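All of the numbers you see were taken from the coordinates with simple rules; none came from a lab. From a predicted model like this one, the values you see are computed outputs, not experimental measurements. In this analysis, Cβ positions are derived from the backbone assuming ideal geometry, glycine residues included, and neighbour counts consider all displayed protein chains.
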Amino acid sequence: MSLADFSLEGKKALVIGARRNVGKGFALGLAEAGADVAVTDVNLEDGRLAEVGEQIRAMGRNTVVAQTDISQKSEVDALVKQVVESFGTIDILMNVAVMYHSRSLTELDEQGWDQLTNVNLKGYWLTIQAVAPIMMKQRSGSIINLTSRGGLKAHADKGMGNYAIVKAGIAMMTRQYCRYLGPYNIRVNAIAPSLMEWEQHPAEDSRRANRSVEAPGTPRPEPTELEKMVAWSTSEQNLPLGRVATFDEMANAAVFLASDAASYVTGAILCVDGGYMA
């Protein structure tokens, strides 16, 4: 074994959905490992994606920052063209973008179904379709999709039905493309997390900060619904490690799958889930 196998020095990566949370973590992790990283998201207005690009440049890497709606083929094709013009090629594709909703399958209407499925499933297919010919021509590449524990096991949260279905589709898409692209030395894998840290809503941060300065003996405020969910989900019966994953821990998995250290790994669904699926 050589530690050099884990290096991404000289590689060119494209991360879809890199504005915040784990997508941002993946982009920065790949850059830290040596790759030039293009980042895209459907939202540019809040400036977060530009900040990710600045952080990548601060590491001495090149980047492309672009707005893309991956549910639209024309926008995906334009994105890939822009990245290739800037980088020369694409060695690593990471599909991370996701859209959520709070309605159950029985309450979700057709418009909602189409919107969610077009981003969460069709969008992944469109990006792979656009990037695969580039990798096939150079006869190398690594594609990494973000699926979920919800794509491997029915989701307990009734509002996550469509999410679980499309994540199951992503898992099978990963395996199918592994078969199609393997002869071209292109590896296709997926990461299936359970719970991850997230960039907290300001209201949650404020509430947590206020708790830290409460006088001794002050009754503890009723937990928020978010806090209740985390407490239940990270209990030993659900997550043996008893905590959520950090962005760095998720990025470590992505760097491994993108690197030559995983040169014989393809078609795998890597559960980075704290033992949830055990």
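Tabulated values for the structure
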{"item": "Summed residue charge, Cβ within 13 Å of K81's Cβ, Lys/Arg positive, Asp/Glu negative", "result": "-2"}
{"item": "Residues of type lysines that K153 reaches as a straight line, Cα spacing below 22 Å, ignoring anything fewer than 8 places off in the same chain", "result": "K122, K167, K228"}
{"item": "Cα shape, the range 1-101, gyration tensor, a/c 1.5 rule", "result": "prolate"}
{"item": "Packing-based exposure ordering (other Cβ within 10 Å, fewest first) of Y276, Y177, Y124", "result": "Y276, Y177, Y124"}
{"item": "Within straight-line cross-link reach of K158, aspartates and glutamates at Cα separation under 13 Å, skipping those fewer than 8 residues along the same chain", "result": "E107"}
{"item": "Amide H contacts of L270 (H built 1.01 Å from N, under 5 Å, at least 5 apart or other chain)", "result": "A190, I191, A192"}
{"item": "Neighbour-count order for D260, D91, fewest beta carbons within 10 angstrom listed first", "result": "D260, D91"}
{"item": "Sum of side-chain charges, M277 neighbourhood, beta-carbon under 9 Å (Lys, Arg +1; Asp, Glu -1)", "result": "+1"}
{"item": "Relative contact order of the range 22-119, defined on C-alpha pairs under 8 angstrom at six or more residues apart (%)", "result": "23 percent"}
{"item": "3J(HN,Hα) from dihedral phi, the range 3-13, Karplus parametrisation 6.51/-1.76/1.60, rounded to Hz, x for glycine, proline", "result": "5, 4, 5, 8, 6, 10, 3, x, 7, 10, 10"}
{"item": "Cα-projected label distance for W113 with E51, points at 7 Å along beta-carbon direction, nm", "result": "3.8 nm"}
{"item": "Relative packing of peptides 8-18, 180-190 - highest average C-beta neighbours within 10 Å first", "result": "8-18, 180-190"}
{"item": "Exposure proxy ranking, count of Cβ atoms within 10 Å, fewest first, for D46, D273", "result": "D46, D273"}
